[in-house]
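Just so it is clear, none of the values below were taken in a lab; they were calculated from the coordinates. Note that the structure is a prediction, hence the values are computed from the model and not measured. Cβ sites come from the backbone with ideal geometry, for glycine too, and all protein chains shown count toward neighbours.
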Amino acid sequence: MKTKACLALATAVLGVACSRGPQGPDVGALISQLKSTDPEARGKASLAIIRAGEPAVPGLVEMLKSEDPQFRATAASTLFGLGPKAREAVPALADALSDSNPEMRASVAMALESIGPDAAPAVPALVRALRDREGLVRQRAAIALGSIGPGARDAVPALAEAARVDLVRPAAEEAIRKIQAR
């Protein structure tokens with residue numbers, strides 16, 4: 001009798017566990033680990049978040065707004081790793097293109113690039129970034145516009161102007177080709 005009761009209990013527990021499906025990672029804990037002073041812990045957390053996908057985007061968007069430049073940079077690089085799964089972060093990334101740190105602005109443009117066509121709402125901010133005082137930011141903005149493709153048609157005149165600068169010329173010309181080819 002005891003065996004039947006144990007078997008019934010085990011079957012019930014297993015049934016409940018199976019009906020829930022696999023549990024994902026604790027995204028909140030991973031976001032907290034991204035704020036670690038230990039670079040290895042941050043790296044591991046970032047990789048785990050990239051595997052987790054979309055559920056981590058809201059926490060990363062909050063990190064983009066942090067006062068701490070390291071947190072903002074970590075959030076941008078992790079969003080880059082998420083690629084198209086980070087599409088919900090596009091408005092926050094567009095805002096972050098005005099960050100005071102040029103490396104951050106370049107990282108944000110790279111995150112938008114990795115999102116691809118879904119980053120089209122950021123086109124106006126990327127067009128403004130084509131006039132950034134830092135060449136790397138202008139270059140990354142042109143590349144991001146190219147990855148958006150036809151959704152960035154409004155950027156073609158600004159890209160043509162940006163193509164007049166040697167550093168940005170190859171990226172701007174390639175972006176124009178990508179935008180017009182699709």
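Could you pull out which residues in the stretch 61-91 have an amide N less than 11 Å from a spot 7 Å beyond the Cα of S32, following the Cα-Cβ vector?
none
Under 16 Å between alpha carbons, and skipping anything fewer than 8 positions from K85 in its own chain: which aspartates and glutamates qualify?
K85 reaches E54, E113, D118.
Around S77, what is the net charge, scoring Lys/Arg as +1 and Asp/Glu as -1 over all other residues with Cβ under 12 Å from its Cβ?
Details: positive: R42, R72; negative: E103.
With Lys, Arg at +1 and Asp, Glu at -1, the net is +1.
Count charges around R105 for me, please; just the other residues with Cβ under 11 Å from its Cβ, Lys/Arg as +1, Asp/Glu as -1.
+1
What is the Cα centroid distance between the stretch 110-129 and the stretch 140-182, reported in whole angstrom?
One Cα centre to the other: 11 Å.
Find the all-direction average of the projected area of the Cα convex hull for the chain, expressing the result in square nanometres with one decimal place.
Reported value for the Cα convex hull: 13.4 nm².
Cα-Cα pairs above 14 Å in the stretch 31-106: how many percent?
Of all Cα-Cα distances in the stretch 31-106, 54 percent exceed 14 Å.
Would you kindly state how much longer the chain becomes between S100 and E173 on full extension, computed as 0.36 nm times their sequence separation minus their alpha carbon distance, in nm to one decimal?
23.6 nm
Starting from the alpha-carbon convex hull of the stretch 122-169, give the projected area averaged over all orientations, in nm². Provide the component values of the computation, followed by the final result.
Details: hull surface 10.9 nm².
Computed as one quarter of the Cα hull surface, the answer is 2.7 nm².
Would you work out the Kirkwood radius for the stretch 103-182? I mean one over the mean of 1/r across all pairs of different Cα atoms, in Å.
This gives a value of 11.6 Å.
Under 18 Å from a label point 7 Å along Cα→Cβ of E134: give me every residue in the stretch 65-92 with its amide N that close.
Only 65-81 fall inside the zone, counting backbone N under 18 Å.
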